[in-house]
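Presented below is the structure to which this report refers.
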């Protein structure tokens, strides 16, 4: 996501892997990464099914497979990404973020993550709205997420929504799309954010006021 400019108190979504609570054997992790790069699904699956990995996955801690998961997502390896939730690998916001930015099979990977429990409208962080906000620089991806139930009005712990972000940073066609798909101008302090646009601020402000915004 682009840095917020309306207020420096809004942090950027973290894209660092989750903290490591437990380690799978280093060699097994290296093998998984290598098989993922090589596209060797069979050996990837057999390594995941090995006792070394299996014991780590079923003890009281979380195995350190975050690096492997992120690598599979960045490479667009949908089949590899599908294997990880089957082994109860937990989902973290960074995986969803990386999936929107990958150049290959992004939608298939997102579909897999949604099917395995990630709520498309779950905030990416305490002060970071759901994943729709991270995709607004791509009109096609934005449309796809809306078609899959993304809510332009879903806020995080502060009054900040995907529409808030869009009126400050996204293109005018994207802003119009969100408004046409249920964007609520009475939420998210949209006028406040629209004023901070680098360009087309007057056009966006007029559009929001015409839709009933008064904040």
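General remarks:
- Residues (under 15 Å from residue 129 (Cβ atoms) and not in a helix (DSSP H, G or I)) located in region 166-181: 170
- When region 106-165 is filtered for residues that are surrounded by fewer than 19 Cβ atoms within 10 Å (Cβ to Cβ) and in a helix (DSSP H, G or I), the ones remaining, listed by number, are 107, 108, 111, 114, 115, 139, 140, 143, 144, 147.
- Identity of the residue in region 79-96, crowded, with 21+ Cβ neighbours inside 10 Å and either in the same structural domain as residue 160 (by TED's automatic domain parsing) or under 9 Å from the mean Cα position of the chain (by Cα) (or both), that ends up nearest to residue 160 (Cα to Cα): 96
The values are calculated or read from the model by the stated rules, or taken from the named source; none is laboratory data. None of these values were measured; they are calculated from a predicted model. Methodologically, a virtual Cβ is constructed for each residue, glycine included, from the backbone with ideal geometry; neighbour enumeration extends over all protein chains shown.
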